[in-house]
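The block underneath contains the structure these notes are about, expressed in structure tokens.
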Amino acid sequence: MIDLRGHTALVTGSTQGVGQAIALSLAESGANVIVHGLEPTEEARETVKRCEAYGRQAWLICADLAGPTSECVKTLFQLARDVTDDIDILVNNAGGYFDRPFLEMDYDTFEQTMRLNVYAYYFLAQQFARHWVREGVHGRILMTGSINGRLAEPVHSAYDTSKGAVEMMVKTLSVELAPHGIRVNGVAPGLFHTPLTAAALDDPRVMRWMQLHTPNGLVPGADVCGDAAAYLVSDAAKHVHGHMLMVDGGMSIWQQPDVPSDFLKETKQNV
């Protein structure tokens, strides 16, 4: 049983998808939760209500993390502390995908990806770590990486690079912060049903192809990532430092799946 009673978490980008699943799992496990989004949408307010339904305190703060990093991070840090000064869990989850083919990539698009997916993670972690070290808080930091941090895809060069950076960030910050009693870990989602993947997965052929590339044959909802996150920030993982937990049904370890003959025939018929 994961028990997060007495803890308070800020989960960035938590109004939908993986971030929402993490926020809900933390609340279900006993934590109070600060939900973060870009705007106070109905979906954002509903996420707060669902966290409160577990009998926890939950709040919504809205801030952009895609702008100038120093300004954005300081604003979000202050907004969170204005809500409560009891935050001892930071989940860096907000991110984005802005890719185009490498030969067409421009500086602004690449820099936008790094700003949101890497710089914001790094410097928001720094803000909280500095505060926790001053106050003697044994905080927990969780980073959302991706299977794309280990397995490359064409037309994903900026995104893949950013998620590879997140995995190394988990390791190096863990080494520096462990002596202060601060644990740093990460979750790396594979392919889930989320608002961002819905368009692709609605195609039955795409869905089946992804299932064939996953050893357990599943493409689940993001809730499975929430449970993994709750474990990593709990005392059950007190000796787990600098680990990127792959939540991907085994996709990242399977070199070359066998393709059933019926799928090959079906594909040829659709060409």
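Some notes on this structure:
- A cut-off under 11 angstrom between Cβ atoms defines the neighbours of Gln20, and their net charge, with Lys, Arg +1 and Asp, Glu -1, is -2.
- Counting Cα-Cα pairs of the chain in 5 Å increments starting at 0 gives whole-percent bin shares of 1, 6, 12, 17, 19, 17, 12, 7, 5, 2, 1, 0, 0, 0.
- Sorted fewest first by neighbouring Cβ atoms within 10 angstrom, Asp248, Asp258 come out as Asp258, Asp248.
- P(r) tail, segment 94-245: Cα-Cα pairs separated by more than 22 Å, 47% of all pairs.
- Most fluctuating residue given options Gln127, Gln255, Gln20, as computed from a GNM of the chain linking Cα atoms under 10 Å: Gln255
- Extension gain, Asp3 back to Glu39 (0.36 nm per residue minus Cα-Cα distance, nm): 9.9 nm
- Inter-probe distance in nm under a simple model that places probes 7 Å from Cα toward Cβ, at Gln78 and Lys171: 3.7 nm
- Residue-count net charge about His241 - beta-carbon cut-off 12 Å; Lys, Arg +1, Asp, Glu -1: +3
- Per residue of the chain, the DSSP helices (runs of n ≥ 4 H) give a summed -39500 (n - 2.57) that works out to -13000 deg cm²/dmol at 222 nm.
- Of the residues Ala178, Thr214, Gly164, the one whose Cα sits farthest toward the positive end of the charge dipole of segment 121-232, with +1 on the Cβ of Lys and Arg and -1 on the Cβ of Asp and Glu, is Ala178.
- Potential lengthening of the chain between Ala236 and Leu103 amounts to 43.3 nm, from the contour at 0.36 nm per residue minus the alpha-carbon distance.
- Relative to the compact-globule estimate of 2.2 N^0.38 Å, the Cα radius of gyration of segment 114-163 comes out at 1.45.
- Share of Cα-Cα pairs in segment 1-95 lying beyond 21 Å, as whole percent: 23 percent
- Sorting Arg5, Arg140 by the number of Cβ atoms found within 10 Å of their own Cβ, with the fewest placed first, yields Arg5, Arg140.
- Dipole size of segment 8-270 about its Cα centre, with +1 on Lys/Arg Cβ and -1 on Asp/Glu Cβ: approximately 520 debye, rounded to the nearest 20.
- Residues Met105, Met143 arranged by fewest to most Cβ contacts within 10 Å: Met105, Met143
- Two-site FRET efficiency, Asp223 against Arg130, from Cβ-Cβ distance with R₀ of 35 Å, rounded to 0.05: 0.60
Every number here is computed from the coordinates shown, using simple stated rules; none is lab data. Nothing here was measured: the structure is a model prediction, and the numbers come from that model. Quick reminder, even Gly has a Cβ in these numbers, built from the backbone with ideal geometry, and neighbours come from all protein chains shown.
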